[in-house]
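Participant: Below you'll find the structure I mean.
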Amino acid sequence: MKLDARTAASLGVQARLANYARCLDNGELEKWPGLFSEQCLYKVTSAENHRRDMPIGLIYADSRAMLQDRVSALREANIYEGQSYRHVIGPTTILNDPGAPVLEAETSFVVVRTMRDGQTLLFASGRYLDRVEVSAEVGAGLFREKIVVCDSSRVDTLLALPL
Amino acid sequence: MKLDARTAASLGVQARLANYARCLDNGELEKWPGLFSEQCLYKVTSAENHRRDMPIGLIYADSRAMLQDRVSALREANIYEGQSYRHVIGPTTILNDPGAPVLEAETSFVVVRTMRDGQTLLFASGRYLDRVEVSAEVGAGLFREKIVVCDSSRVDTLLALPL
Amino acid sequence: MKLDARTAASLGVQARLANYARCLDNGELEKWPGLFSEQCLYKVTSAENHRRDMPIGLIYADSRAMLQDRVSALREANIYEGQSYRHVIGPTTILNDPGAPVLEAETSFVVVRTMRDGQTLLFASGRYLDRVEVSAEVGAGLFREKIVVCDSSRVDTLLALPL
């Protein structure tokens with residue numbers, strides 16, 4: 001049985017997202033900017049702002065260098081040490097032609113946060129709207145764009161780590 | 001490497017379920033009835049009632065027209081506007097012969113609800129027991145039957161939207 | 001379009017994990033030990049202990065027989081009846097050569113618990129570090145090793161069922 005192009009593309013983006021989530025959840029924050037292309041768009045926004053097409057979100061970066069700065073700031077502030085995150089992502093849907101050089105994809109996520117005292121809380125839910133470069137190596141394509149649309153608009157007051 | 005028939009069938013149903021969840025989570029409720037065949041069974045029940053084989057669940061519909069009526073009622077009551085849902089589904093297991101024209105599948109889910117004030121709550125967990133028509137187009141096969149077995153029997157008092 | 005070896009291996013382990021979770025979530029606890037090889041390692045630990053390489057975790061078993069004893073104890077204590085669990089797992093990443101006879105894999109999970117009174121709580125989050133035998137039949141390879149790394153170290157006081 002052959003694999004159709006749409007499913008193959010979807011599995012490729014899933015592998016990329018699995019690496020993305022492992023990087024954040026396993027404390028390898030320094031690897032995170034390297035998952036994006038040098039010129040990129042990373043934005044965290046709320047469903048309401050996304051619907052209204054408000055340009056600036058809770059977090060906004062348009063280059064890998066800006067993401068690296070963010071990581072440095074988080075490390076210096078020691079924010080990263082007091083808690084841990086766990087992303088669970090659902091299946092990925094490809095929104096454009098699966099043969100395109102940059103895939104457009106949508107994936108639901110839930111993020112759970114564990115505090116230093118061991119308490120586990122539902123932290124955020126939403127969907128990733130990604131533009132991912134196609135790569136010959138599985139799960140290796142860079143993110144050209146990642147728009148994180150959070151279901152809640154209250155996530156901003158809590159946000160420390162990338163989603 | 002070739003894809004075995006069971007895995008291929010499982011990925012096909014996953015794609016269908018991903019579309020199903022996107023439809024509910026992204027507010028496209030009007031598209032939801034069209035994911036079912038004209039004659040269908042949609043039932044939301046609890047694990048306890050399912051085990052006892054109680055015929056009627058929390059929601060029961062046996063045609064696409066009944067599902068359309070439900071959508072109209074939800075829109076008129078304005079229930080849909082005050083909250084949003086996020087489904088995260090796990091991998092799909094095919095329970096029958098993967099070469100059959102209607103696939104029987106089981107898939108775990110968790111649904112998180114975000115209220116108008118931004119609060120995010122764990123809303124429901126359970127499993128989908130689906131009978132899905134096989135389609136040449138990925139993710140396009142209609143649901144002949146969808147039994148939503150909720151882990152909790154308390155979900156009924158809260159239930160507004162389809163699961 | 002062909003399926004690359006890494007993605008194929010990942011889907012094989014996913015199918016195995018889906019069966020694993022269904023077994024625990026659907027109350028078929030007696031089938032659970034049969035998913036492991038006779039000589040195996042099953043360990044539940046916290047992220048902190050795992051990082052420090054502490055050998056003994058919250059649960060430790062090194063044979064299928066020990067897992068069977070655990071199931072008997074749970075059944076006799078009637079612990080299993082008062083609650084239910086729901087695992088939702090994310091995509092699986094293969095960590096070693098996908099052509100190896102035993103695959104090493106990492107998979108994030110969230111487990112939700114429903115109490116007898118219908119209340120649903122976030123129970124645990126973390127990741128599975130698995131060593132799974134490759135099998136000709138999809139989803140049938142046995143676990144040689146399963147290390148369950150919980151994000152929280154508070155899960156111990158609550159732990160009754162296998163994760």
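Participant: Can you tell me how many residues in the range B:69-114 are within 13 Å of another protein chain (Cβ to nearest Cβ) and part of a strand (DSSP E or B)?
Facilitator: 22
Participant: Quick check on A:Ser63: is it open to solvent by 10 Å² or more (accessible area, probe 1.4 Å), modelled with pLDDT of 95 or more and under 29 Å from B:Leu11 (Cβ atoms)?
Facilitator: no
Results for (1) open to solvent by 20 Å² or more (accessible area, probe 1.4 Å); (2) touching a residue at least 12 places away in the same chain (Cβ under 8 Å), shown as yes or no for each residue.
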residue: B:Ala5; (1), (2): yes, yes
residue: B:Ala9; (1), (2): no, yes
residue: B:Gly12; (1), (2): yes, yes
residue: B:Tyr20; (1), (2): no, yes
residue: B:Gly27; (1), (2): yes, yes
residue: B:Gly34; (1), (2): yes, yes
residue: B:Thr45; (1), (2): no, yes
residue: B:Asn78; (1), (2): yes, no
residue: B:Ile94; (1), (2): no, yes
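Participant: Right, another one. Any residue at all in the range C:148-155 that is under 19 Å from C:Pro91 (Cβ atoms), surrounded by 22 or more Cβ atoms within 10 Å (Cβ to Cβ) and facing another protein chain (nearest Cβ under 9 Å)?
Facilitator: yes
Participant: Further, regarding this structure: Identify the residue in the range B:24-43 that is within 14 Å of chain A (Cβ to nearest Cβ) and part of a helix (DSSP H, G or I) and, among all such residues, is nearest to B:Asp130 (Cα to Cα).
Facilitator: If we take residues in the range B:24-43 being within 14 Å of chain A (Cβ to nearest Cβ) and part of a helix (DSSP H, G or I), then B:Leu35 is nearest to B:Asp130 (Cα to Cα).
Participant: With respect to B:Leu95, determine if the residue is of a type in the set (A, V, I, L, M, F, W, C) and closer than 24 Å to B:Gln39 by Cα.
Facilitator: Values: of a type in the set (A, V, I, L, M, F, W, C): yes; closer than 24 Å to B:Gln39 by Cα: yes.
Yes: the conditions hold for B:Leu95.
Participant: Filter the range C:115-126 for residues that are assigned to a strand (DSSP E or B) and without any contact (Cβ under 8 Å) to a residue 24 or more places away in the chain and give the result.
Facilitator: Those that are assigned to a strand (DSSP E or B) and without any contact (Cβ under 8 Å) to a residue 24 or more places away in the chain: C:Thr120, C:Leu121, C:Leu122.
Participant: Determine, yes or no, whether C:Gln14 is more than 14 Å from chain B (Cβ to nearest Cβ), within 16 Å of C:Phe143 (Cα to Cα) and either over 12 Å from the mean Cα position of the chain (by Cα) or among the polar types (S, T, N, Q) (or both).
Facilitator: Against the criterion (more than 14 Å from chain B (Cβ to nearest Cβ), within 16 Å of C:Phe143 (Cα to Cα) and either over 12 Å from the mean Cα position of the chain (by Cα) or among the polar types (S, T, N, Q) (or both)), C:Gln14 does not qualify.
Participant: Report the residue count in the range B:145-163 for those that are modelled with pLDDT of 65 or more, charged (D, E, K, R) and in contact with a Leu (Cβ under 9 Å, 6 or more places away or on another chain). Reasoning before the result, please.
Facilitator: To start, the set of residues in the range B:145-163 that are modelled with pLDDT of 65 or more comprises B:145-155, B:160-163.
So of that shortlist, the ones also charged (D, E, K, R) come out as B:145-146, B:151, B:154.
Those left that are additionally in contact with a Leu (Cβ under 9 Å, 6 or more places away or on another chain): B:145-146.
Adding up the residues that qualify gives 2.
Participant: From the set of residues in the range C:103-157 that are acidic (Asp, Glu) and over 17 Å from the mean Cα position of the chain (by Cα), which is nearest to A:Leu121 (Cα to Cα)?
Facilitator: Taking the range C:103-157 and keeping what is acidic (Asp, Glu), we get C:104, C:106, C:117, C:130, C:133, C:137, C:145, C:151, C:156.
Keeping just the survivors that are over 17 Å from the mean Cα position of the chain (by Cα) gives C:117, C:137.
Numbers: C:Asp117: 21, C:Glu137: 38 Å.
Among those residues, the one meeting the criterion is C:Asp117.
Participant: Which one is surrounded by the fewest Cβ atoms within 10 Å (Cβ to Cβ) among residues in the range A:96-123 that are of a type in the set (Gly, Ala, Ser) and within 24 Å of A:Glu48 (Cα to Cα)?
Facilitator: It comes out as A:Ala105.
Participant: Can you tell me which residue within the range C:124-144, out of those that are modelled with pLDDT under 95 and facing another protein chain (nearest Cβ under 8 Å), is most open to solvent (accessible area, probe 1.4 Å)?
Facilitator: The qualifying residue most open to solvent (accessible area, probe 1.4 Å) is C:Val138.
Participant: Okay, next question. Just to check your reading of the model, which residue among A:Ala61, A:Ala21 is small (Gly, Ala, Ser) and facing another protein chain (nearest Cβ under 9 Å)? Break it down into steps so the answer makes sense when it comes.
Facilitator: Values: A:Ala61 fails: facing another protein chain (nearest Cβ under 9 Å).
Step by step, each of A:Ala61, A:Ala21 is checked, and only A:Ala21 is small (Gly, Ala, Ser) and facing another protein chain (nearest Cβ under 9 Å).
The values are calculated or read from the model by the stated rules, or taken from the named source; none is laboratory data. Quick caveat, the model's predicted, so the values are computed rather than measured. All Cβ positions, even for glycine, are placed from backbone atoms using ideal geometry, and neighbour counts span all protein chains on display. These area figures cover heavy atoms from the full protein model, side chains too; ligands, DNA and RNA do not enter into them. Shrake-Rupley method; radii C 1.70, N 1.55, O 1.52, S 1.80 Å.
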